[in-house]
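**Student:** Below: one structure in structure tokens.
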Amino acid sequence: MSFSLSKYTEPDFNSEKLKNAPCARLLESPQDGVAPEGYHAMSIFPEYFNIDGKWLLAEESRMDCVPVYENERIVVREFRHLKKGDRVVCGRTENGEEGIYLHATGFFEAEDEREQFAFRQGHSRETSFSRDYDELYELLKHDRDNGKIVWVMGPAFSFDHDARNAFSRLIAGGYVHAVLAGNALATHDLEGAYLGTALGQNIYTQKNQPNGHYNHLDTINRVRLCGSIKSFIESEKIDNGIIYSCEKYGVPYVLAGSIRDDGPLPRVFADVYNAQDAMREQIKDATTVICMATMLHTIAVGNMTPSYRVMPDGTVRKLYFYCVDISEFMVNKLTDRGSLSSRGIVTNVQDFIVNIANGLKV
């Protein structure tokens, strides 16, 4: 099948309501980390702000953050990053009457229309995802060279020999531009490369090894002794796995810490806000995001990912966001948290990644 990006249609700024709309109201932040009363909170959709008679699009948006007018453009900032004196857009309506316009239908196409009553419109274990796979293959081929593909991963991949190999092949094939994960994914992937186990189970046979419950701790301890993941890979002659492939091909990966972490590995972010900043740094220019088998990371990334991306040449394109999980609850929960453009695939993520690698023939 041929692939083409969904076409974006700008708002009609010559329409009566937008042509005669007032300028947006700007108020200064009263102190660091605090927005003025009546601040406007962003959504996942493209939003325009009338500043001195010119409609400006927020180019790097994030839900539940605030728009700031700075250097003749709209920047979107977390509350904690606000500085006293920042000029924040204020207003709670989004239809132009306060100089704020939310454009939710920019990527709307006729084929998106659905009957008012129809069966199987959600995502469940009964849904057929054959077309989703075909579309995803073509999207990944397109964005390998024309975008940025970010993968958000739970530790399930590190438990399976074939899944680790499949994702490593995707990295080598250029289909991975950044990885967002936690201490567990990296720990058990490195354990698999170092000792052939994940949480003490052989990653191929799934058989428990004698004293295997020590293996992940021994791996963490060895990495910490080496001083870094890169030094560990070199000193122990590691030659396989997800983290090894990221290091080999220069793919950035962000490991966000958790209260339940063992160790953790070096370069795991212990401060949650530093982790959030590092994750957003990778997300801010992403064009495709695929979240797999990690509920908390998925919700976190979903909350910082808009439905669109402004490209370097100024064009606006759709940002594709996938949530892959064996739990229907997880796949559908994301839309309940505001990530309305998320597309869900209900399946075992280990099988999913093998299918993706095979479908792309890497």
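The values are calculated or read from the model by the stated rules, or taken from the named source; none is laboratory data. Just so we're clear, the structure is a prediction, and the values are computed from it rather than from any experiment. Note that we place each Cβ from the backbone using ideal geometry, even for glycine, and neighbour counts take in every protein chain shown. Keep in mind that these areas ignore ligands, DNA and RNA; they rest on the heavy atoms of the full protein, side chains included. Shrake-Rupley method; radii C 1.70, N 1.55, O 1.52, S 1.80 Å.
**Student:** Take the stretch 296-325 and flag every residue that is hydrophobic (A, V, I, L, M, F, W, C) and under 23 Å from Y175 (Cα atoms).
**Tutor:** Hits for the stretch 296-325 are I299, A300, V301, M304, V310, M311, V316, L319, F321, C323, V324.
**Student:** Still on this structure: Kindly indicate which of R62, R80 is under 23 Å from Q282 (Cα atoms), surrounded by 20 or more Cβ atoms within 10 Å (Cβ to Cβ) and in contact with a helix residue (DSSP H, G or I) (Cβ under 8 Å, 6 or more places away or on another chain). Lay out the reasoning, then the answer.
**Tutor:** Working: R80 fails: surrounded by 20 or more Cβ atoms within 10 Å (Cβ to Cβ).
It is R62.
**Student:** For a quick check of your reading: which strands (runs of 3 or more DSSP E) sit entirely within the stretch 1-81 and have at least 3 residues that are at pLDDT 95 or above and more than 17 Å from V310 (Cβ to Cβ)?
**Tutor:** Fully inside the stretch 1-81 and qualifying: 25-28.
**Student:** Is there any pair with a first residue in the stretch 308-321 that is open to solvent by less than 30 Å² (accessible area, probe 1.4 Å) and a second that is of a type in the set (S, T, N, Q) and part of a strand (DSSP E or B) whose Cβ atoms are under 7 Å apart and which are 6 or more apart or on different chains, and what are they?
**Tutor:** Every condition considered, the pairs that remain are Y320/T288.
**Student:** Does S228 satisfy the condition of being within 15 Å of N183 (Cα to Cα) and small (G, A, S)?
**Tutor:** Values: within 15 Å of N183 (Cα to Cα): yes; small (G, A, S): yes.
Yes, satisfied.
**Student:** Please enumerate the residues belonging to the stretch 91-116 that are at pLDDT 90 or above and open to solvent by 80 Å² or more (accessible area, probe 1.4 Å).
**Tutor:** Taking the stretch 91-116 as the starting set, the residues that turn out to be at pLDDT 90 or above are 91-107.
Result: R92, E97, T105.
**Student:** Given the stretch 196-312, what helices (runs of 4 or more DSSP H) lie entirely inside it while holding 2 or more residues that are touching a strand residue (DSSP E or B) at 6+ places or on another chain (Cβ under 8 Å)? Don't jump to the end; show me each part of the working.
**Tutor:** Working: elements: 215-226, 229-235, 242-249, 272-283, 295-303.
Hits in the stretch 196-312: 215-226, 242-249, 272-283, 295-303.
**Student:** If R260 satisfies every condition in (1) within 30 Å of E10 (Cβ to Cβ); (2) over 12 Å from the mean Cα position of the chain (by Cα); (3) open to solvent by 10 Å² or more (accessible area, probe 1.4 Å) but one, which is the exception?
**Tutor:** (1)
**Student:** In the stretch 82-107, which residues are outside any loop (DSSP other than H, G, I, E, B) and not hydroxyl-bearing (S, T, Y)? Break it down stepwise before answering.
**Tutor:** The initial filter retains those residues of the stretch 82-107 that are outside any loop (DSSP other than H, G, I, E, B), namely 87-90, 95, 100-102.
Selection gives R87, V88, V89, C90, N95, I100, L102.
**Student:** Filter the stretch 17-44 down to the residues that are within 24 Å of the chain's Cα centre (by Cα) and farther than 20 Å from M279 by Cα and list them by number. Give the steps one after another, and end with the answer.
**Tutor:** If we filter the stretch 17-44 for residues that are within 24 Å of the chain's Cα centre (by Cα), which is where we start, we get 40-44.
Selection gives H40, A41.
**Student:** Have a look at L190, L180, L217, L195 and point out the one that is open to solvent by less than 10 Å² (accessible area, probe 1.4 Å) and more than 15 Å from A293 (Cα to Cα). Before you say what the answer is, go through the steps one by one.
**Tutor:** Details: L180 fails: more than 15 Å from A293 (Cα to Cα); L217 fails: open to solvent by less than 10 Å² (accessible area, probe 1.4 Å); L195 fails: open to solvent by less than 10 Å² (accessible area, probe 1.4 Å).
Criteria check complete, one pass: L190.
Quick grid of which residues meet (1) over 17 Å from N240 (Cα atoms); (2) basic (K, R):
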position	(1), (2)
R164	no, yes
F167	no, no
A172	no, no
N183	yes, no
I203	no, no
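**Student:** Looking at the stretch 325-342, can you tell me whether even one residue there is of a type in the set (S, T, N, Q) and touching a Gly at 6+ places or on another chain (Cβ under 6 Å)? Give the derivation first.
**Tutor:** At the first step, the residues of the stretch 325-342 found to be of a type in the set (S, T, N, Q) are 327, 332, 335, 339, 341-342.
Still in the list and also touching a Gly at 6+ places or on another chain (Cβ under 6 Å): 339.
Checking the stretch 325-342: at least one residue is of a type in the set (S, T, N, Q) and touching a Gly at 6+ places or on another chain (Cβ under 6 Å).
Yes/no per residue for (1) touching a residue at least 24 places away in the same chain (Cβ under 8 Å); (2) farther than 30 Å from L140 by Cα; (3) open to solvent by less than 70 Å² (accessible area, probe 1.4 Å):
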site	(1), (2), (3)
D12	no, yes, no
E16	no, yes, no
P22	yes, yes, yes
R25	yes, yes, no
P36	yes, yes, yes
H40	yes, yes, yes
F45	yes, no, yes
F49	yes, yes, yes
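**Student:** Return the residues of the stretch 275-299 that are open to solvent by 10 Å² or more (accessible area, probe 1.4 Å) and of a type in the set (S, T, Y); say none if nothing qualifies.
**Tutor:** Hit for the stretch 275-299 is T294, nothing else.
**Student:** Pick out the one residue from V310, V272, V324, V268 that is over 21 Å from P155 (Cβ atoms) and of a type in the set (A, V, I, L, M, F, W, C).
**Tutor:** It is V310.
**Student:** Please work out if N348 is open to solvent by 20 Å² or more (accessible area, probe 1.4 Å), at pLDDT below 90 and over 15 Å from the mean Cα position of the chain (by Cα). Outline the logic, then answer.
**Tutor:** On the way: open to solvent by 20 Å² or more (accessible area, probe 1.4 Å): yes; at pLDDT below 90: no; over 15 Å from the mean Cα position of the chain (by Cα): yes.
No.
**Student:** Return yes when R169 is among the basic types (K, R), open to solvent by 60 Å² or more (accessible area, probe 1.4 Å) and touching a residue at least 24 places away in the same chain (Cβ under 8 Å) and no when it is not.
**Tutor:** Details: among the basic types (K, R): yes; open to solvent by 60 Å² or more (accessible area, probe 1.4 Å): yes; touching a residue at least 24 places away in the same chain (Cβ under 8 Å): yes.
In short, yes.
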